[in-house]
Structures are given as C-alpha cells and as structure tokens.
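We did not get these values from a lab; they are worked out from the coordinates using the rules stated. What you see is a predicted model, and the numbers here were worked out from it, not measured in a lab. No Cβ is skipped: glycine too gets one built from the backbone with ideal geometry, and neighbour counts run over all protein chains shown.
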Amino acid sequence: MTSLLKNHTLSIVVPLCNEATIIGAFHQRLICVLDMLSISSEIIYVNDGSTDNSVEVLKTLRLQDTRIAIVDLSRNFGKEIALSAGLDYTVGDAVIVIDADLQDPPELIPTLIEQWQQGYDVVFAKRISRMGESWFKKLSAYLFYRVLQKISVIDIPMDTGDFRLLSRRAVEALKKLRETHRFMKGLFTWIGYPQIAVPYERDRRFGGESKWNYWKLWNLAIEGITSFSIAPLKFATYFGFVTASAAFIYALVIIYKTWAYGDPVSGYPSLMVVTLFFGGVQLITLGIIGEYIGRTFVETKARPLYLVKDYEPANTLDSRDTT
Ligand code: UDP
Ligand code: MG
C-alpha cells in the first residue's frame, strides 16, 4: 500500500467550533496515523466562528507543522457549511472529513484509504456502537434514519456521521451542490458513485461538549426530511382527502337520521370539537407548506455559503485559494 500512496495526496478536513481544549490532542493522534501512512498530506482546520482561543491554538500548531492550513470563517455558519468550506479548499486526491472531538477515531483512516484504493469514491464510517449517548438520543436517531429512508427518494445509509473519505471526483461533485440548507449526509449519498461502509466504534467525546441539543437535532431532522422528500406535502393532501370524505359520509348519515327519525340537531360540544380539530389540521398543514416555502425563499436569495476572514495555506501540497 505504501508504495502506491507515494503518488497520491491526502487532504483532511476538520470543522471545529470552540475546541481549544482538545485540538492539541486531536492533532497528535491524527499525525501519528498520517506519519505511518507516508502519504503527502494537508490538514485543513476550518474555524467555524469559535469564541474561545481555538484560532490561536491552531496558529501555534501551524508554526510547528507545515501540513496545517487554517480557514477562518467570518462567523459561525454551522458544521455542515464549515465542512463544505473545508472541502472547497482541498487539493488532495482523497479527502477525509473528521470531527475534532476524537469521536471519530483517526486510526480508521488507513482502512478508509484501503477501500478507496479498491476503487470506491465514498468510504463512510458506519457506527456499530455509540458510546456515552443517552438511550433517548439512540432511539430518536434510530427512528429518524428509518423514517428518512422510507420517505426520501434516495437511500441515506443509517447510523453514519460525516466521518468519511471522498475521492477527488466525489468532492468536485459535492462542490457543485451549493444549496444553503445543507443536509450533508443526504448530499453525500445524492452524488452517487461507488460507496461502501466501514464499521467502527464511536467513542465518547474526548473533552469539551457537544454542540447538539434536542432542539437542534429536531431541526436537523426537519432539514433532512424537507431536503430530500416532499412526502409531508403529499401527506397533507391525502389527509385532507380522507377527512373531507369522512365529513361527507357523516353529513349523509345526519341527513338520513333527520329524514328517517326527525332527530333534533345534536349539540354544541361536537361542533366545537370538529371545528377545533379542523382548525388544528389546517394550521399544521399550513406549517408544513411554510417549511418548504421558507426554504425556497432562502435558496432564491442565492447568498454565498460562507465568508472567509482569514486563510493560511498549508505548505505541503499546492494549495489554491478559492475565494
Ligand atoms: N462544529 C462546527 N460548527 C458548529 C458546531 C460544531 O464546526 O456550529 C464542529 C465541532 O467542533 C466538532 C464537529 O463539528 O468538530 C462535531 O460537533 P459535535 O461534537 O458538537 O457534534 P456531535 O459529535 O455531538 O454530533
Ligand atoms: Mg462530537
């Protein structure tokens, strides 16, 4: 493998936000793996608007390691965009996307590269365990992936994060997808090309804390569904048909009862229930439509995905400035 790698270059993309306490440890573990591989590489740290001293830590590291490039975004854009920004700056034949919190073990990188050399364009790491996460998070993740797989037009693999290897042509394909609402797991799958999973154990966070809370995860779930499926809109239509038909049948029953038995008009409570129920249903379906219109609105503005405050290239590979 080593001889084959001589002619190839590798880019590592690490999006990070407020990780000053663990960058050092992460970098150490990463370069241990890279040094073993003897492949020329660059490590692109994307600072996603950290409010701690992450940038200073990165700059100090860069003085000691010429493989480091720093892309400093103008503010926090969110991990998905930070990752895309990193991809824009890569030049390697293969690109690895990895989190800075050591939940994605860098030791898996040689395995990812082996699969890439077998001809796969996307080699994604698939979690077989999720350590240090609550049963509720595990259950909601489990359900989310299964629902998404059922209703989306593409087959998004379950239990995968962003930790993966992408070939050059896969990266070039991803760079063409400039939508503002980015559900990366979906986009990775959408591009197609030969893809393969490599199982791994997901570790606990090494330090610092997760930026995800349940509200953000809920929003990510909505993002995933609305980016890759219009099933909720169809659901609204069919639900409307079903309830309207039920109401029509019920109307016939009432007319028949009045005609046959001369029943007095039945009470106010049932009227209230029906009115409130349909009021609710209408608001919910309007909300669903709103989610899609809102996204259309944001996309039509066609703003740049991110802005870069500062870029310091690596000195190992021929880096190019894409701004
Ligand atoms: N991250 C980022 N921007 C953000 C939030 C997170 O670049 O707005 C980075 C973070 O520093 C880490 C990676 O994305 O390197 C994964 O974040 P986190 O560990 O919070 O997510 P989890 O592993 O809990 O899904
Ligand atoms: Mg994490």
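Radius of gyration (Cα atoms) of region 1-68, expressed as a multiple of 2.2 N^0.38 Å: 1.19. For region 182-191, the Karplus equation 6.51 cos²θ - 1.76 cosθ + 1.60, evaluated at θ = phi - 60°, returns couplings of 10, 9, 4, 4, x, 5, 4, 6, 4, 5 Hz by residue, with Gly and Pro reported as x. For the chain, adding -39500 (n - 2.57) for each run of n ≥ 4 DSSP H residues and dividing by the number of residues yields -16500 deg cm²/dmol at 222 nm.
Return the Rg/Rh ratio of region 154-207 with Cα-based radii and a Kirkwood Rh. Here the Rg-to-Rh quotient is 0.99. In terms of its Cα atoms, region 71-116 spans 36, 25, 14 Å along the principal axes, sorted from long to short. Each of Tyr89, Tyr256, Tyr261, Tyr311 was scored by other Cβ atoms within 10 Å of its Cβ. Arranged with the fewest first, they read Tyr261, Tyr256, Tyr311, Tyr89. Using the Stokes-Einstein relation with a Kirkwood hydrodynamic radius computed over Cα pairs, the translational diffusion coefficient of the chain at 37 °C and a viscosity of 0.692 mPa s comes to 147 µm²/s.
The ranking of Ile156, Ile254 by Cβ neighbour count inside 10 Å, starting from the fewest, reads Ile254, Ile156. Listed by number, the DSSP H helices of the chain that run 15 Å or longer by alpha-carbon position along their axis and have mean Kyte hydropathy of at least -1.0 are 20-37, 54-64, 135-151, 214-228, 231-261, 268-300.
The H on the amide N of Val13, modeled in the peptide plane, is under 5 Å from the matching H of Ile44, Ile96, Val97, Ile98, each at least 5 residues off or on a different chain. For Gly49, the residues whose modelled amide H falls within less than 5 Å of its own, excluding neighbours fewer than 5 places apart on the same chain, are Leu73, Arg75. Amide H contacts of Val198 (H built 1.01 Å from N, in plane; Pro and chain starts excluded): Phe124, Ala125, Lys126 sit under 5 Å, all sequence-distant by 5 or more or on other chains. Normalised by the number of residues in the chain, the mean separation of alpha-carbon contacts (under 8 Å, six or more apart) gives a relative contact order of 25 percent.
Taking all Cα pairs closer than 8 Å and separated by 6 or more residues, the relative contact order of region 111-251 comes to 36 percent. When each of Ile31, Ile154 is scored by the number of other beta-carbon atoms lying within 10 Å, the sequence from fewest to most is Ile154, Ile31. The ratio of the alpha-carbon radius of gyration of region 36-164 to the globular-protein estimate 2.2 N^0.38 Å is 1.20.
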